[in-house]
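The values are calculated or read from the model by the stated rules, or taken from the named source; none is laboratory data. Owing to the predicted nature of the structure, the values given are computational and were not obtained by experimental measurement. Just the protein is used for accessible areas: all its heavy atoms, side chains included, with ligands, DNA and RNA removed. Shrake-Rupley method; radii C 1.70, N 1.55, O 1.52, S 1.80 Å.
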Amino acid sequence: MEPTRAYPLFGGAFSAIFPGGAIDVSDLRPVPDNQEVFCHPSTDQSLIVELLELQAHVQGEAAARYHFEDVGRVQGSRVLQVESVQPLNLENLALRGCCQEAWVLSGKQQVAKENQQVAKDVTLHQALLRVPRYQTDLLVTFNQPPPDNRSSLGPENPSSPSWNLGDFEQLVTSLTLHDPNIFGPQ
């Protein structure tokens with residue numbers, strides 16, 4: 001994948017700029033319709049874009065914490081530790097026209113990968129973009145396992161450096177809506 005080209009998501013309804021070398025996981029295995037999942041070619045890092053039902057019962061920072069804890073429960077995390085929650089400046093977002101509030105949460109979860117018994121600490125960075133007009137919470141997650149984890153996709157490749165927070169920020173700020181029909185009839 002080219003690093004500076006907007007990549008189509010959800011059948012072209014959205015697009016975003018991903019870091020170079022990102023692999024579309026749907027080419028490797030089934031991915032739920034409400035998710036777009038990308039993995040690094042030589043580390044266990046991943047980027048996930050999810051369209052979720054708006055959780056109107058939680059507001060502000062509590063909404064970011066709610067989604068972090070929900071992801072942890074789904075993954076069977078043994079430890080959920082929020083390190084920081086910060087508001088995102090809407091003016092920096094391509095979605096500023098329809099996003100009413102945005103938050104970035106950083107934290108750690110202790111999870112075991114599929115078919116593994118040992119749980120490892122994973123750093124998660126999540127951007128929550130709230131779009132009440134379409135009854136949607138858009139969640140972008142950057143999973144950063146410890147640096148000693150290497151993917152089964154192959155050995156470390158110096159031409160594919162690990163992703164960083166700048167890559168995550170570029171994805172979040174470049175996320176663009178092209179077709180609101182993705183949300184169904186309004």
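Quick check: anything in the stretch 114-132 among the charged types (D, E, K, R), assigned to a strand (DSSP E or B) and modelled with pLDDT under 95?
Scanning the stretch 114-132, I find at least one residue that is among the charged types (D, E, K, R), assigned to a strand (DSSP E or B) and modelled with pLDDT under 95, so the answer is yes.
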Going through the stretch 80-99 in order, the residues found to be open to solvent by 60 Å² or more (accessible area, probe 1.4 Å), of a type outside the set (D, E, K, R) and assigned to a loop (DSSP other than H, G, I, E, B) are N89, G97
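Looking only at residues in the stretch 100-120 that are more than 19 Å from Q45 (Cα to Cα) and open to solvent by less than 60 Å² (accessible area, probe 1.4 Å), which one is farthest from the chain's Cα centre (by Cα)?
As a first pass, look at the stretch 100-120 and keep what is more than 19 Å from Q45 (Cα to Cα): 100-103, 117.
Checking the rest, the ones that are also open to solvent by less than 60 Å² (accessible area, probe 1.4 Å) come to 101-103.
Numbers: E101: 17, A102: 13, W103: 13 Å.
For the stretch 100-120, the residue satisfying everything is E101.
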Hits in the stretch 164-186 (condition: modelled with pLDDT of 95 or more and aromatic (F, W, Y)) = F168
